[in-house]
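A.B. asks: Before I ask anything, here is the structure I am working with.
Nothing in this text is a laboratory measurement; each read-out follows from the coordinates by a stated rule. Since the structure is predicted, the reported quantities are computational estimates derived from the model, not experimental observations. When we count neighbours, we look across all protein chains shown, and the Cβ atoms used for this are built from the backbone with ideal geometry, even at glycine.
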Amino acid sequence: MKYSSINKFEILNDPIYGYIKVPNNLIFQIIEDVSFQRLRRISQMGLSYLVYPGANHTRFHHTLGCLHLMQKTISVLRVKGTKISVTEENALYIAILLHDIGHGPFSHALEYSIVNGITHEEITLKYMHMLNKKFNGQLNIAIEVFTGNYHRSFLHQLISSQLDIDRLDYLKRDSFYTGVSEGNISSDRLIAMMNVIDDELVIEKKGVSSVENFLIARRFMYWQVYLHKTGLVAENILIKILNRAKELAENNIDLFCSSPLYFFLYNKINKNNFDETVLENFSKLDDYDILSAIKEWVTHPDKILSNLSKMIINRNLLKIEISDIKISENYKSNIIVNLLKNSSLTEKEAAYFVFSSEISNLAYNKNESIRIVNKKGELSDIMKESNELFTQTLSKPITKYFICYPKKMQLA
């Protein structure tokens with residue numbers, strides 16, 4: 001495949017960083033590919049706009065932001081003496097651009113409903129191999145970097161680690177679009193503090209406080225935004241809607257939907273049969289397919305599907321209770337019994353409206369350390385360089401439990 005050597009689209013305007021430069025024609029052509037353009041129609045934060053009205057930004061926004069930050073990072077590391085070849089530079093650009101390309105509609109909802117046993121990371125890798133064929137092997141090194149198989153480990157750390165470019169963008173971007181100021185990290189400062197010692201990505205000691213602020217911001221954003229109770233119940237209802245639609249499809253009940261969604265509802269898709277044909281159909285599936293279907297399902301004869309769909313369309317969600325202790329089976333059973341008394345649902349059907357689970361967040365994983373380097377070139381873990389509050393709090397996982405059920409036990 002031949003492409004023009006002229007980069008026809010040199011800059012993009014981003015509300016956070018200003019002008020983002022597309023570094024070369026290869027990167028431009030990858031951005032122009034239909035599989036990447038789909039990210040314009042995949043929301044970055046799922047249904048969080050039901051909580052934060054401004055949170056309508058997309059995966060497309062996010063990945064371009066990551067490209068910009070990667071360019072800054074490479075410049076900083078080169079100034080500090082780290083040799084990064086043009087080939088490796090392009091590999092980093094491609095890997096960070098494509099790191100989210102495997103996400104389905106509304107981010108994670110698809111993984112728990114109509115596609116089984118395959119993660120968005122695995123789908124991303126399938127996309128990368130597909131694009132590698134299209135671009136005559138020019139993604140070989142990018143794939144090695146993405147999978148961690150390239151001989152220079154720090155390149156993979158820039159793509160996936162506790163202080164990677166992905167997190168540096170999404171925290172700042174999500175903070176901007178939600179208006180939650182606690183997540184507004186200084187990505188420029190963190191990048192300026194990066195260095196490479198013995199093939200390991202490290203942070204200079206004078207950047208310890210910036211790392212602490214980053215980790216604290218990440219914890220705040222998870223509990224205040226990503227795991228907000230309203231967003232949490234909305235995402236679970238969306239999963240239930242897709243599960244119900246899949247169940248009806250398996251029973252050959254007719255459902256209004258687009259052809260890409262029809263493909264996934266009426267075929268059993270899993271890791272073993274996720275081939276090029278499935279990937280092609282996946283490339284046509286986005287948020288619009290799901291929302292347009294749900295709007296129609298509001299009037300579907302199946303009362304479970306219609307009631308769940310109304311909850312999303314009208315933002316009249318299930319009630320959610322969050323607790324620091326596990327939800328007792330007795331408490332859950334009493335709610336189900338009450339619902340069965342006031343509806344024509346079976347116990348199996350009631351599980352679509354009454355369900356419990358858990359959520360957890362770990363701000364800092366001690367097993368994947370962030371390394372600090374002092375002026376003498378000596379390395380240590382961030383936990384040894386930080387204060388006691390950080391050590392005792394941010395390195396411990398927090399788990400909470402929730403139960404969802406109808407606000408009124410009589411369903412329409």
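A.B. asks: Rank these for me by crowding, Ser161, Ser259, Ser309, going from fewest to most other beta carbons within 10 Å.
C.D. replies: Listing Ser161, Ser259, Ser309 from fewest to most nearby Cβ atoms yields Ser259, Ser161, Ser309.
A.B. asks: Let me ask something else about it. When the dipole is taken about the Cα centre of region 279-412, and only Lys, Arg (+1) and Asp, Glu (-1) are charged at their Cβ, what size is it in debye, to the nearest 20?
C.D. replies: Dipole of region 279-412, to the nearest 20 debye: 420 debye.
A.B. asks: Can I ask one more? Magnitude of the Cβ-charge dipole of the chain, K/R +1 and D/E -1, about the Cα centre, nearest 20 debye?
C.D. replies: Using only the charged Cβ atoms, the result is roughly 660 debye.
A.B. asks: Any idea what log10 I(q)/I(0) is at q = 0.23 Å⁻¹ for region 1-112, Debye with uniform C-alpha scatterers and no solvent?
C.D. replies: Values returned for q = 0.23 Å⁻¹ are -1.32.
A.B. asks: Between the helical axis of 287-297 and the dominant principal axis of the chain, each derived from Cα atoms, what acute angle in degrees is found, rounded to the nearest 10?
C.D. replies: 10 degrees
A.B. asks: Along its three principal axes, how long is region 262-412 when you only count alpha carbons? Whole Å, largest extent first please.
C.D. replies: 71, 46, 29
A.B. asks: A further question follows. Going toward the positive end of the dipole of region 292-372, with +1 on Lys and Arg Cβ and -1 on Asp and Glu Cβ, which of Asn314, Thr346, Ile359 do you reach last?
C.D. replies: Of the options given, the answer is Asn314.
A.B. asks: Can you sort Cys66, Cys404 so the residue with the fewest Cβ neighbours within 10 Å comes first?
C.D. replies: Listing Cys66, Cys404 from fewest to most nearby Cβ atoms yields Cys404, Cys66.
A.B. asks: Now for a different question. At q = 0.16, 0.20 Å⁻¹, what base-10 log of I(q)/I(0) does the Debye formula yield for region 84-172 when every alpha carbon is treated as an equal point scatterer in vacuo?
C.D. replies: -0.67, -0.97
A.B. asks: 5 Å is the cut-off here: which amide hydrogens, built 1.01 Å from N in the peptide plane, fall below it relative to Ile269, excluding neighbours closer than 5 in sequence?
C.D. replies: It is Asn116, by chain and number.
A.B. asks: Still on this structure, please answer the following. Compute the Cα gyration tensor for region 11-228, then decide on rounded, prolate or oblate, letting a ≥ b ≥ c be the square roots of its eigenvalues: rounded whenever a/c is under 1.5, prolate when a/b is larger than b/c in the other cases, and oblate in all that remain.
C.D. replies: oblate
A.B. asks: Shifting gears a bit: For region 326-366, report the translational diffusion coefficient in µm²/s to the nearest whole number, using Stokes-Einstein at 37 °C, 0.692 mPa s, and a Kirkwood Rh over Cα pairs.
C.D. replies: The estimated diffusion coefficient comes to 272 µm²/s.
A.B. asks: Related question: Between (i) 71, 57, 37; (ii) 75, 59, 44; (iii) 67, 46, 40, which matches Cα extents along the principal axes in Å calculated for the structure shown?
C.D. replies: Recomputing Cα extents along the principal axes in Å here gives the entry labelled (i).
A.B. asks: Using Cα springs under 10 Å in a Gaussian network model of the chain, which residue among Ala55, Ala234, Ala249 shows the largest mean-square fluctuation?
C.D. replies: Among Ala55, Ala234, Ala249, the largest mean-square fluctuation in the Gaussian network model of the chain belongs to Ala249.
A.B. asks: Setting aside same-chain residues fewer than 8 positions from Lys284, which lysines have a Cα under 21 Å from its Cα?
C.D. replies: Qualifying lysines at Cα under 21 Å: Lys126, Lys133, Lys134, Lys246, Lys268, Lys271, Lys295.
A.B. asks: Sorted by packing (mean other beta-carbon atoms within 10 Å per residue), highest first, where do 192-202, 162-172 land?
C.D. replies: Highest-to-lowest ranking by the protection proxy: 162-172, 192-202.
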